[in-house]
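Colleague: Starting off with a structure, shown below.
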Amino acid sequence: MDFTVHLVSWHDGEPLLRGIREAVFVREQGVPEALEWDGLDEGCRHALALSLSGEAIGCGRMLSNGHIGRIAVLPQWRKRKVGTAIMEALLSEARMRGYVQVDVDAQTYAIPFYHTFGFIEEGEEFLDAGLPHKKMKLRLEPR
């Protein structure tokens, strides 16, 4: 692989995590900054993907209740398994913490991505930041 994924705190990774999320969510997808910066990052475990040259290329977070979100990969790194590696790191962390279930609010275009991990859709489609989403849940088997 030409990248690595690290689990970090917001304190340790903020500038890099912020840069990815501003590029993907705020600029590319048009998410208002007030919605993107929800005040929850400090209490989350973050996955940070770095290229071998140290460039921040992707990220994701997990809240203390097992909600996974803010999965973002820079456009030039998509279709290279960066998102998969981020999800695997967060799911591994969830299992280590003893969570029996995790959930995501998936943008509808990304539902097939979450299906690859075994997530199951639940409920009706809804709008979040003006983008269509669907709640998905995954039951975790202990390893």
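Colleague: How many of the residues in region 40-57 are closer than 14 Å to P75 by Cα and touching a helix residue (DSSP H, G or I) at 6+ places or on another chain (Cβ under 6 Å)?
Modeller: Within region 40-57, residues that are closer than 14 Å to P75 by Cα and touching a helix residue (DSSP H, G or I) at 6+ places or on another chain (Cβ under 6 Å) number 3.
Colleague: How about region 1-55: which of its residues are more than 23 Å from L131 (Cα to Cα) and of a type in the set (D, E)?
Modeller: Matches in region 1-55: D2, D12, E14, E42, E55.
Colleague: A further question on this structure: Residues of region 54-79 being under 17 Å from L140 (Cβ atoms), part of a loop (DSSP other than H, G, I, E, B) and of a type outside the set (A, V, I, L, M), which ones?
Modeller: Matches in region 54-79: S64, N65, G66.
Colleague: Given the conditions (1) touching a Phe, Trp or Tyr at 6+ places or on another chain (Cβ under 9 Å); (2) not hydrophobic (A, V, I, L, M, F, W, C); (3) not in a strand (DSSP E or B), which single one is not true for E121?
Modeller: Condition (3) is where E121 drops out.
Colleague: Does region 124-139 include one or more residues that are surrounded by 17 or more Cβ atoms within 10 Å (Cβ to Cβ), assigned to a helix (DSSP H, G or I) and under 16 Å from the mean Cα position of the chain (by Cα)?
Modeller: No, region 124-139 has no match at all.
Colleague: Same structure, new question: Within region 52-69, count every residue that is touching a Phe, Trp or Tyr at 6+ places or on another chain (Cβ under 9 Å), surrounded by fewer than 23 Cβ atoms within 10 Å (Cβ to Cβ) and under 19 Å from S92 (Cβ atoms).
Modeller: The qualifying residues number 2.
Colleague: Still on this structure, I have one more. Within region 86-102, how many residues turn out to be in a helix (DSSP H, G or I), aliphatic (A, V, I, L, M) and over 16 Å from E55 (Cα atoms)?
Modeller: Initial filter on region 86-102 (in a helix (DSSP H, G or I)): 86-96.
The next check asks that each one be aliphatic (A, V, I, L, M); those that pass are 86-87, 89-91, 94, 96.
So of that shortlist, the ones also over 16 Å from E55 (Cα atoms) come out as 87, 89-91, 94, 96.
Qualifying residue count, region 86-102: 6.
Colleague: May I ask you to list the residues in region 4-17 that are surrounded by fewer than 20 Cβ atoms within 10 Å (Cβ to Cβ) and either part of a strand (DSSP E or B) or within 13 Å of the chain's Cα centre (by Cα) (or both)?
Modeller: Residues satisfying the conditions are T4, H6, L7, V8.
Colleague: For region 18-53, enumerate the residues that are polar (S, T, N, Q), in a loop (DSSP other than H, G, I, E, B) and without any contact (Cβ under 8 Å) to a residue 60 or more places away in the chain. Steps first, please.
Modeller: Step one: of region 18-53, the residues polar (S, T, N, Q) are 29, 51, 53.
Now restrict to residues that are in a loop (DSSP other than H, G, I, E, B): 29, 53.
S53, the sole residue that qualifies.
Colleague: Something else about it: Are any residues in region 94-110 surrounded by fewer than 17 Cβ atoms within 10 Å (Cβ to Cβ) and either under 19 Å from C59 (Cα atoms) or touching a Pro at 6+ places or on another chain (Cβ under 7 Å) (or both), and if so, which ones?
Modeller: Of everything in region 94-110, those that are surrounded by fewer than 17 Cβ atoms within 10 Å (Cβ to Cβ) and either under 19 Å from C59 (Cα atoms) or touching a Pro at 6+ places or on another chain (Cβ under 7 Å) (or both) turn out to be R95, D105, T108, Y109, A110.
Values in this text are rule-based calculations from the coordinates and carry no lab data. Keep in mind it's a predicted model, so treat the numbers as computed, not measured. Because the Cβ atoms are built from the backbone with ideal geometry, glycine has one as well, and the counts that use them run over all protein chains shown.
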